[in-house]
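First up is the structure itself, then whatever we jot down about it.
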Amino acid sequence: IKLTVWGKIKNFFYHNKWWLGLACFVVLLGVYLIVDIINKPRPDMLVLLIGEYPSVGQNSYLSDYIGSFAEDFNGNGKTEVDVYYIDYQKDGGYANYANGADTKLTTEMQIGDAVIIIAGDAFKELIEDDILVDLSEMYPDNSHVKDRYFYLKDTDFAKHIGVAKSDIPEDMYIALRTPKKLMYSDADDMQETYDKDLPVFQKLIEDLSK
């Protein structure tokens, strides 16, 4: 039987209706997820935790502690601080590649969404000096500050976030990124984030310096 063009179209839809239905479902689900991501409110602040700190990175107390100094910047009626933990291992080699740490770190360093960083020597060895603000100029008399780093070992940081003092190594510090043009962020956007998060950083330093 020779089918007309319309007949061929109907025949195609009849024999492939399940696959077409599945494809439509996948497309609609994809659209829904994209719209949901776009419309989902961002947290008031994003903080990067970079290094091997499972006890710190896997609990919510760090977010709560930093959040106690933050404000409802996005206007959704609550204060939310997200800590993005990148399990970057010093001399990790293949392990950092396998767990995605290399990719995550490279991406975050080209985005200006987070200016407060908690890290250690592993991160320090990867960056140029101008990546971070010189804290010794901001806090010349603070005994915890050395160059661009506020060291956490001899503070109440462990107590505030509910971990043992032994979970805070000697080289662990808080630092502040310098606003600049990045691959995925322009200088003005990062400066806006810096201006928003700087008062929170200052309150953190003040509290941990007591």
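The values are calculated or read from the model by the stated rules, or taken from the named source; none is laboratory data. As the structure is a prediction and not an experimental result, all values here were calculated from the model. Note: ideal-geometry Cβ built from the backbone for every residue, glycine included; neighbour counts use all protein chains shown. What goes into the accessible areas is simple: the full protein's heavy atoms, side chains included, and nothing from ligands, DNA or RNA. Shrake-Rupley method; radii C 1.70, N 1.55, O 1.52, S 1.80 Å.
Below, the figures for the structure above:
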| quantity | calculated |
| --- | --- |
| Most to least packed among 125-133, 197-205 [average Cβ atoms within 10 Å] | 197-205, 125-133 |
| Residue of F150, F123, F25 that the Gaussian network model of the chain assigns the largest fluctuation, springs spanning Cα pairs under 10 Å | F25 |
| Lys/Arg +1, Asp/Glu -1 at C-beta; segment 51-175 dipole; positive extreme among F73, A114, I161 | I161 |
| Prolate/oblate/rounded call for segment 35-148, Cα gyration tensor, a/c under 1.5 rounded | oblate |
| For the chain, size of Cβ-based charge dipole, Lys and Arg +1, Asp and Glu -1, in debye | 1780 debye |
| Taking the chain and dividing mean pair separation by its residue count, relative contact order in percent (alpha carbons under 8 Å, at least six apart) | 21 percent |
| Rounded tilt (10° steps) of 5-15 against the dominant C-alpha axis of the chain | 60 degrees |
| DSSP bridge pairs, the chain: antiparallel proportion in percent, nearest 5 | 50 percent |
| Pairs beyond 29 Å (Cα-Cα), from K78/K146; K104/K180; K124/K181; K153/K196; K104/K153; K78/K159 | K78/K146 |
| At R0 = 35 Å, FRET efficiency that the Cβ-Cβ distance of E52 and A187 yields, to 0.05 | 0.65 |
| Percent carbon-and-sulfur accessible area, the chain, ignoring ligands, DNA and RNA, probe 1.4 Å | 55 percent |
| Residue among K124, K165, K78 with the largest mean-square fluctuation in a Gaussian network model of the chain, springs linking Cα atoms under 10 Å | K78 |
